[in-house]
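Engineer: One structure follows; several queries about it will come next.
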Amino acid sequence: MNIGYCRISTDSQNDSLQLQALKDAGCEKIFSDVASGSKTDRVGLRECIEFARSGDVIVAWKLDRIGRSLKDLIETVNTLKEREIGLKIITQQLDTTSSSGMLFFYIMGALAEFEKSLIQERTRAGILASRARGRLGGRPKALDKKQVAVAESLYADGKTSISQICKTLGISRATFYRNIALKAA
């Protein structure tokens with residue numbers, strides 16, 4: 001039996017393309033979720049996997065509909081394999097019911113993992129190069145030392161309201177309290 005799984009991230013998205021593709025693929029039952037791919041608990045996917053029996057095939061429109069990450073995808077495929085349930089992905093023409101399909105899945109997984117590690121290496125190298133040039137990164141401070149000194153003196157004399165100090169310096173009350181009032185207390 002072909003069992004479909006459909007996922008959209010928000011209610012404003014339309015799942016009709018996925019649903020039609022699943023029907024065209026011969027899915028007799030379709031489960032769906034409206035949830036971000038980053039959510040760990042996707043009720044529809046869980047119910048779909050629980051519903052499937054040995055010999056069934058879960059069909060999805062794209063691979064990213066099934067897993068949040070490569071690790072999650074591989075765990076899901078291994079769970080399905082242990083239960084003798086296949087996985088077919090329509091757009092990538094991936095089918096884990098055959099040995100060549102499983103090989104292709106693992107090769108794609110290995111390539112994705114390799115690409116991820118290359119990106120991490122390049123990011124680390126870029127951060128180290130920036131630090132070597134004296135750049136620390138992160139968000140710039142809202143107030144420089146002079147502005148903090150002005151704000152502290154205005155606050156300490158008690159004649160200027162906090163609202164007026166914030167307006168003069170162009171900062172929010174939260175920034176004021178974080179940088180001046182809490183230090184003065």
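Every read-out reported here was derived from the displayed coordinates using simple, explicitly stated rules and does not represent laboratory data. Because the structure is predicted, anything quoted here is derived from the model rather than measured. Cβ placement follows ideal geometry from the backbone for every residue including glycine, while neighbour counts extend to all protein chains displayed.
Engineer: Quick check on my filter: what residues within segment 127-151 are within 12 Å of Leu169 (Cα to Cα) and of a type in the set (Gly, Ala, Ser)?
Structural biologist: Hits for segment 127-151 are Ala142, Ala149, Ala151.
Engineer: If you don't mind, another one. Please go through segment 165-179 and give me each residue that is more than 33 Å from the chain's Cα centre (by Cα) and outside any helix (DSSP H, G or I), ordered by number.
Structural biologist: Residue satisfying the conditions is Gly170 alone.
Engineer: Also: Looking at Leu70, Leu80, which one is surrounded by 12 or more Cβ atoms within 10 Å (Cβ to Cβ), among the aliphatic types (A, V, I, L, M) and in contact (Cβ under 8 Å) with a residue 40 or more places away in the chain?
Structural biologist: Selected residue: Leu70, the only one of Leu70, Leu80 that is surrounded by 12 or more Cβ atoms within 10 Å (Cβ to Cβ), among the aliphatic types (A, V, I, L, M) and in contact (Cβ under 8 Å) with a residue 40 or more places away in the chain.
Engineer: Now a separate question. Does Thr76 satisfy the criteria of being hydroxyl-bearing (Ser, Thr, Tyr), under 23 Å from Phe51 (Cβ atoms) and touching a Leu at 6+ places or on another chain (Cβ under 7 Å)?
Structural biologist: Spelling it out, it is not the case that Thr76 is hydroxyl-bearing (Ser, Thr, Tyr), under 23 Å from Phe51 (Cβ atoms) and touching a Leu at 6+ places or on another chain (Cβ under 7 Å).
Engineer: Next question. With Leu111, Leu63, Leu80 as the choices, which residue is under 23 Å from Ala25 (Cα atoms) and under 23 Å from the mean Cα position of the chain (by Cα)?
Structural biologist: Unique residue meeting the criteria: Leu63.
Engineer: Are any of the residues in segment 105-121 over 30 Å from Trp61 (Cα atoms) and of a type outside the set (A, V, I, L, M, F, W, C)?
Structural biologist: Within segment 105-121, one or more residues are over 30 Å from Trp61 (Cα atoms) and of a type outside the set (A, V, I, L, M, F, W, C).
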